[in-house]
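Below you'll find the structure, written out as structure tokens, and then a few comments.
The values are calculated or read from the model by the stated rules, or taken from the named source; none is laboratory data. Quick caveat, the model's predicted, so the values are computed rather than measured. For neighbour counting, all protein chains shown are included, and Cβ atoms are generated from backbone atoms with ideal geometry for every residue, glycine included.
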Amino acid sequence: MTAATAYRPARPARAGTRSARDRIGSGFYLAGGTLAALLFLLPLAWAVIRSFTPDSLVTQAPSARDFGHLTTANYSGLIQANDILHYVLNSLLVACGTGLLTAVIATLAGYGFARFSFRGSGIVFALVLVTMMIPFQALLTPLFLEMHSLGLTNSLLGLVLFYTTFNLPFGVFVMRNSFLQIPWELSEAAAVDGAGLGRTLMSVLRPLILPGVATTVLYAFLFSWTEFVGALTFITSNSLYTLPLALLNLEYGSVGQVNFGYLEAGAVIAMVPCVLLYLGLQRFYVRGLMSGVIKG
Amino acid sequence: MKLLSGRIFTGVAAVLLLAAAGCSSSGSSSPAPASASFGVNATGTVQFWARTVSKTLAQKLVTEFNATHPNLKVNLRLTSINDDVTSLATSIRAGDPPDVVGLNDIDMPTFTRNGSFMNLTSQINKLPYKSALSPGHIGLATYNGQLYGVPYWADLSVLWYNKTLFKQAGLNPDDPPTTYAQILSDAQAINKLGHGINGFTFAGDCQGCLGFTVQPGIWADGTHLTNGDITSQSANIAGNTALESALTLYRNIWSQKLVPDNDRTDDGTTWGQDFAAGKIGIMPGGYGQLVDLVKPSQLGTEFMDTPLPGTNGGYSTFDGGDDFAIPSAAKNPSGAWEFIQWVMQTQQQDQYPALGATPVRTDVLTPSFSAKNPEDAVALKALAKGYAPVTLVYDQMFNQAGGPWFQMFTTAVYDGNMSLALQQGQSGLTRLLQQAAS
Amino acid sequence: MIGHDQALARPAPAAQHGPRGAGGRRVRWWHPRLSTRRALTGMALVAPTFAMVAVFVLFPLGFAVYISLTNWPLIGPYHYIGGQNYSLLVHDPQFIHSVLFTLLYTGIVTVPIFVVGYAMAVLVRSNRRGATFFRTAFFLPFIIGLATESFMVLLELQPDSGAADYVLGKIGLAHATTAWTVNYGLALTAICVFVVWFASGLTMMLLMAGMQGIPAELYEAADVDGGTWWQKESRITLPLLRPNIALALIISVIGSFLAFNQFYILTEGGPGTSTEPVVMWIYEEAFVQYHLGYATAGAIALVIVIAIISAAQFYLLRDGSKASR
């Protein structure tokens, strides 16, 4: 058994001949899966419909009449009157920055923890994980004072650094798992070929760790995209607000009423980049693992 | 590993020292701005933090001020809901507060008593309209006889009613209720219209909203829920007949099903929307609240307001809204005071109604003002009789779901157990006041 | 120490293929010069992470520990008071209640999130037609975020105007005017269902990534031997999936312990304070009561509890080093 055939995406054992049983199985799969998927999507689909309903109707009992009153007023309100795309841009900058920075740093660290032994690695790993366990709210004041003295408050860069740090535990955990799943032979083979650290990571191991990297980027992006409390604390000028902050301010009226029309529309707008990113990263999961990378 | 951590910890220690220096306690009282040039022809920039709920007003004021003052620029930052106090407090600790802040007036006591704000008494005494300033706002900005802020805008509670529904129910649309009994009977009449129409509405799961709209009736009856000033307060709930009367009114309204069912779970997020949709006869609410919800053409024609009455007459209002304050560590206090004075001028105050706010000077209530803004005139008239509780425990008492106010309301109105409710309210508030005093 | 690191670094034995490196190869790793260089490389790889964590987490955490030993108010002067906050904490009925409630909530949702996530991962791990669509559908709730969805759910839980009562009323399971958010049992039920819907997608993604790393011929060999689906699952998938399962469970449990948004938005901890989780208690103490020192003490206590539970999970789910080679 050579390494070349070691990994293949799990597929039905017999390719090419699909028996009736297979087809029925396929049918059940599609039917059952579709039902489950629809169940999951239904609340969101309903929210999208709500986003096209004027705010005054949104809080009335749902009825067929609602469909007759669909309007894009919520969206035009958000985009034109409230410049929502400016905040979308801010959020994009922060989320992309966080995703990339987290991926790079976490990959390096995951590799280090998985493949190298050095004194204190257990402790450092534990300290990194502690980050996951801390409730934000407890650190807000000390963190604000610290970041203020470092000049990192009210800056998107500061936010990126903050978000990256809090996504590192997850990223490191995932990347470490990724590296652990790769057999020794591959990196050893590369070392035998004389590959340095960089080349080992980038060319040899890259296809194997891409699913992990994709997961890390996606999680970090989503985290930064939807994060609210940190942005609220550290950003002190309106023009740098991220999307969740901007939406929150738009949605609340003077006595605490919520404009649910804006909220649903804002959610749909916020959804779009995330779904796009997710679909874009899909292929790193679907492709499964490399075959034929190791020759001989 | 050792080398790296060594360097890190040195850097860390340095930051720690810096931060400790920056956030050490400062209990000294702030210097009183006494010079004659204070607030006159100031230059530079002014950092102004306003609450998002006053967004329309703040943006308009800042734009106009900047257009008419070439040497002084105001930079506006809108603080997010529920975050106003925290961000202000943290910025003061970090030594980097704004020059002027528009703070929710009921939050003023938290800051006035520890030197966070500048003492403006001498400046305020020079104002010709000093006696016309909203008493509720001024009261909240006072500590130990000194003034640490001035009113910025007023967010007042009134009794809104639907004139169209009044007519349909055979009631006189120009004769709104002035007693609890009338509120009840008018609501009953409108409720009989059926077809999804209800006589009354309130945000039944929103403790802050209820505090805003139920208390004025108690004050109109001449009593408050606390006795004494901020330094030594006690609860005035047990045996408070005005409170009992108010709770009884709501109990009757609820048990007679004069409100929509989903009022019970309205935590404020959908407050007033059913009224704005024309389905409710009477709604205690804010002036600005309805301006946000309906078209200007509907004000005065379909919807009209009247002051919140007491049990048998009289009226009052909740002096909500914001106060202006200048943090002690402000970098441009003179510029801040110039801006504040400009905002309090009649010309600016006259613009308030259209922007969903009520002016803070009773002398702005001229016949022409009443003619142009009849709904806001109602609120402004009530301002003189308005009040806002001056206490350190306002949030804990009134705005928390688990607080004594809401517990009392729930027990009295939904469970119908008045004596238990008053008992809970008295002991709960007493406990909070004791904790705050310690 | 060295042996321990080796165990950390070694992948699960069953995933390896081909002849294990003989003793000769291993000896080479222990060459002193090589091992120091490797150690330094390892440290360098990990340094950026450690630096960021030290600056943005460990330092503020230390500062927070200091705050917890004072009576730090939100605004105004503060004094050192030693462990007073902690002794008050242990006797605070509100704090204890919030801890118990959080434990209850975690206990209720952890297993369903895992089981549903696992089932979905099984469903979508292959590359059959439709798998991509299903994957996206199941993950979408997670993508949108808990806070936004909490508001959406808030709207739908309103009696009379919300979709929940409308649908359940039509099916006949509930009154059209059930008030979900003001009743302890109903609110908890609704929130738990909501959270399972939200979080199972993440579990699915984490497990799926691991499942796809399992080589096909392991399954094929089992097929040849005539294994049932369950046998294949329990003997091949589950053991090899250990690290991923560990990650998914630990994240899920920590997430439940730190739950805040959904409760804040849907019930505000009500009725009364019956649905107030620990983080909400911390929030209230810090930003409403302005007792920052006391709240921070509660937060530190929470961190310790989570650390202990996570360590226990780690231990129980660690890669077994019993060889199957």
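A compact table of results
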item	result
Some residue of region A:56-71 being more than 14 Å from chain C (Cβ to nearest Cβ) and modelled with pLDDT of 75 or more	yes
Output for region B:48-93, where each listed residue is more than 12 Å from every other protein chain (Cβ to nearest Cβ), crowded, with 21+ Cβ neighbours inside 10 Å and within 14 Å of B:G335 (Cβ to Cβ)	B:L72, B:V74
Enumeration of residues in region C:54-73 that are crowded, with 22+ Cβ neighbours inside 10 Å and either charged (D, E, K, R) or over 17 Å from A:H148 (Cα atoms) (or both)	C:I67, C:S68, C:W72
Number of positions in region B:118-129 that are in contact with a Ser or Thr (Cβ under 9 Å, 6 or more places away or on another chain) and over 18 Å from B:S35 (Cβ atoms)	1
Region C:210-269: number of residues that are touching a residue at least 60 places away in the same chain (Cβ under 8 Å) and of a type in the set (S, T, N, Q)	6
Counted residues, region C:211-233 - those being facing another protein chain (nearest Cβ under 7 Å) and either under 26 Å from the mean Cα position of the chain (by Cα) or surrounded by fewer than 17 Cβ atoms within 10 Å (Cβ to Cβ) (or both)	4
Which listed residue, of B:G239, B:G208, B:G285, is part of a loop (DSSP other than H, G, I, E, B) and either within 14 Å of chain A (Cβ to nearest Cβ) or surrounded by fewer than 19 Cβ atoms within 10 Å (Cβ to Cβ) (or both)	B:G239
Wholly within region B:327-395, helices (runs of 4 or more DSSP H) carrying at least 2 residues that are within 29 Å of B:N144 (Cβ to Cβ) and under 18 Å from the mean Cα position of the chain (by Cα)	B:374-383
Where B:D263 falls short, out of the listed (1) over 14 Å from B:A379 (Cβ atoms); (2) surrounded by fewer than 19 Cβ atoms within 10 Å (Cβ to Cβ)	(2)
Residues of region B:242-257 that turn out to be outside any helix (DSSP H, G or I) and either within 14 Å of another protein chain (Cβ to nearest Cβ) or in contact with a Ser or Thr (Cβ under 9 Å, 6 or more places away or on another chain) (or both), as a count	1
Unmet criterion (only one of (1) at pLDDT 95 or above; (2) farther than 21 Å from B:Q426 by Cα; (3) part of a helix (DSSP H, G or I)) for B:P216	(2)
Elements of type helices (runs of 4 or more DSSP H) contained in region C:209-325, each with 1 or more residues being within 20 Å of C:A121 (Cβ to Cβ)	C:216-224, C:229-232, C:242-257, C:292-316
Checklist (1) surrounded by fewer than 19 Cβ atoms within 10 Å (Cβ to Cβ); (2) at pLDDT below 70; (3) under 27 Å from B:T270 (Cβ atoms) applied to A:V293, failing item	(3)
Matching option when the condition is out of contact with any helix residue (DSSP H, G or I) (no Cβ under 9 Å at 6 or more places or on another chain) and modelled with pLDDT under 90, among C:L168, C:L207	C:L168
Some residue of region C:125-148 being at pLDDT below 85, part of a helix (DSSP H, G or I) and more than 26 Å from A:G32 (Cα to Cα)	yes
Strands (runs of 3 or more DSSP E) fully within region B:99-196 counting 3 or more residues that are more than 30 Å from B:E302 (Cα to Cα)	B:100-104
Every pair of residues 6+ apart whose Cβ atoms lie under 7 Å, when the first sits in region A:223-252 and is more than 24 Å from A:V275 (Cα to Cα) while the second is of a type in the set (D, E)	A:L232/B:D83
Qualifying residue in region B:290-303 (condition: among the basic types (K, R), crowded, with 19+ Cβ neighbours inside 10 Å and closer than 26 Å to B:I190 by Cβ)	no
Residue within region C:262-270 that is more than 10 Å from every other protein chain (Cβ to nearest Cβ) and either in contact with a strand residue (DSSP E or B) (Cβ under 9 Å, 6 or more places away or on another chain) or buried (at least 21 other Cβ atoms within 10 Å of the Cβ) (or both) present	yes
Any hit, region C:278-299, residues being more than 9 Å from chain A (Cβ to nearest Cβ), over 22 Å from C:T110 (Cβ atoms), free of Cβ contacts under 8 Å to residues at least 40 places away in the same chain and aliphatic (A, V, I, L, M)	yes
Residues (hydrophobic (A, V, I, L, M, F, W, C) and either within 20 Å of B:I124 (Cα to Cα) or at pLDDT 60 or above (or both)) located in region B:21-57	B:A32, B:A34, B:A36, B:F38, B:V40, B:A42, B:V46, B:F48, B:W49, B:A50, B:V53, B:L57
From the options C:T132, C:T106, residue that is among the polar types (S, T, N, Q) and either touching a residue at least 40 places away in the same chain (Cβ under 8 Å) or within 30 Å of C:T273 (Cα to Cα) (or both)	C:T106
Close pairs from region C:40-67: first farther than 22 Å from C:Y294 by Cβ and more than 7 Å from every other protein chain (Cβ to nearest Cβ), partner in a helix (DSSP H, G or I) and among the polar types (S, T, N, Q), Cβ under 8 Å, at least 6 apart	C:V55/A:T165
Any hit, region C:176-183, residues being outside any helix (DSSP H, G or I), surrounded by fewer than 20 Cβ atoms within 10 Å (Cβ to Cβ) and within 11 Å of chain A (Cβ to nearest Cβ)	yes
In region B:287-329, the residues that are of a type in the set (A, V, I, L, M), in the same structural domain as B:T362 (by TED's automatic domain parsing) and either touching a helix residue (DSSP H, G or I) at 6+ places or on another chain (Cβ under 6 Å) or within 24 Å of B:P173 (Cβ to Cβ) (or both)	B:I326
Residue in region B:270-280 that is part of a strand (DSSP E or B) and either within 14 Å of chain A (Cβ to nearest Cβ) or among the β-branched types (V, I, T) (or both) present	yes
Sole exception among (1) outside any loop (DSSP other than H, G, I, E, B); (2) modelled with pLDDT under 90; (3) more than 30 Å from A:T131 (Cα to Cα) for C:A187, by number	(2)
